[in-house]
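Structure record follows, encoded as structure tokens.
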Amino acid sequence: MAASPDTSLCPFCNESVRTAIFFETPKFLAIYNIAPVLPGHSLVISRAHHSSLLSLTEQEMNELFSNARTVLRILMKAFHTDAFDWSLQEKPEAGQTIEHLHLHIVPRVKNDFDSPGHWYPLVHRNDDEIIDSADRPRLHPDELRIIVEKLKETYIQLNLK
């Protein structure tokens, strides 16, 4: 039997993410990325410490993507776009830097990169850890609070259930 992961070291399992939450359900959270690749970069995270989609039940899998769709609607309205990249990595070989299931949702707008396809190599280049790099500029706590409040208000305005 495999040992249970030490969730005390997981940044998604401790209280530090509370300030970034803008949408939550009993099994999933949506947080704004503290170091967004582009404006709107958010994550849908399982509350339970899962490291793989394979450990989710069918119901949990459906809830993950149902909640991701709600997050998408929030981001569409808040960031005035209907273009998005979705990314989920499993294992370091695929670019996963935090061993806790999380889905990246990144709003896209025209000319945010030189070419729309430039996103794909960034996601899959884990030698530089571009997506989850500690070197990416982090938001000031006040900036994060303002964005999270805007996203919470957007959710309320949309009246999504």
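Scan the range 103-112 and tell me whether some residue there is among the polar types (S, T, N, Q), part of a loop (DSSP other than H, G, I, E, B) and touching a residue at least 12 places away in the same chain (Cβ under 8 Å).
no
Filtered by the rule that a residue be farther than 14 Å from VAL106 by Cβ and under 13 Å from the mean Cα position of the chain (by Cα), the range 48-69 gives LEU64, PHE65, ASN67, ARG69. In the range 93-114, the qualifying residues are those that are at pLDDT below 85 and either buried (at least 20 other Cβ atoms within 10 Å of the Cβ) or acidic (Asp, Glu) (or both), and the one that is nearest to PHE28 (Cα to Cα) is GLY95. Is it true that some residue in the range 16-23 is outside any strand (DSSP E or B), touching a residue at least 40 places away in the same chain (Cβ under 8 Å), within 23 Å of ASP142 (Cα to Cα) and touching a helix residue (DSSP H, G or I) at 6+ places or on another chain (Cβ under 8 Å)? Within the range 16-23 (the criterion being outside any strand (DSSP E or B), touching a residue at least 40 places away in the same chain (Cβ under 8 Å), within 23 Å of ASP142 (Cα to Cα) and touching a helix residue (DSSP H, G or I) at 6+ places or on another chain (Cβ under 8 Å)), the answer is yes, since at least one residue qualifies.
Looking at (1) loosely packed, with under 14 Cβ neighbours inside 10 Å; (2) touching an Asp or Glu at 6+ places or on another chain (Cβ under 9 Å); (3) under 24 Å from HIS140 (Cβ atoms), which one does SER52 not meet, given that it meets all the others? Among (1) loosely packed, with under 14 Cβ neighbours inside 10 Å; (2) touching an Asp or Glu at 6+ places or on another chain (Cβ under 9 Å); (3) under 24 Å from HIS140 (Cβ atoms), the lone unmet condition for SER52 is (3). Tell me whether the range 28-35 contains one or more residues that are exposed (fewer than 14 other Cβ atoms within 10 Å of the Cβ) and in contact (Cβ under 8 Å) with a residue 12 or more places away in the chain. No, because not a single residue in the range 28-35 is exposed (fewer than 14 other Cβ atoms within 10 Å of the Cβ) and in contact (Cβ under 8 Å) with a residue 12 or more places away in the chain. Filtering the range 53-74 to residues that are of a type outside the set (Val, Ile, Thr) and in contact (Cβ under 8 Å) with a residue 60 or more places away in the chain leaves only ARG73. Can you confirm whether the range 51-74 contains a residue that is farther than 24 Å from GLU15 by Cα, among the β-branched types (Val, Ile, Thr), touching a strand residue (DSSP E or B) at 6+ places or on another chain (Cβ under 8 Å) and not in a helix (DSSP H, G or I)? No: zero hits. Out of the residues in the range 58-88 that are more than 15 Å from GLU153 (Cα to Cα) and among the aliphatic types (A, V, I, L, M), state the one that is modelled with the lowest pLDDT. Filtering first and then ranking leaves LEU88. Take the residues in the range 127-147 that are over 24 Å from GLN89 (Cβ atoms) and touching a Ser or Thr at 6+ places or on another chain (Cβ under 9 Å); name whichever of them is modelled with the lowest pLDDT. It comes out as PRO141.
The values are calculated or read from the model by the stated rules, or taken from the named source; none is laboratory data. Predicted model only: the values in this text are computed from it and were never measured. Heads up, the Cβs are rebuilt from the backbone with ideal geometry, glycines too, and the neighbour counts pull from every protein chain shown.
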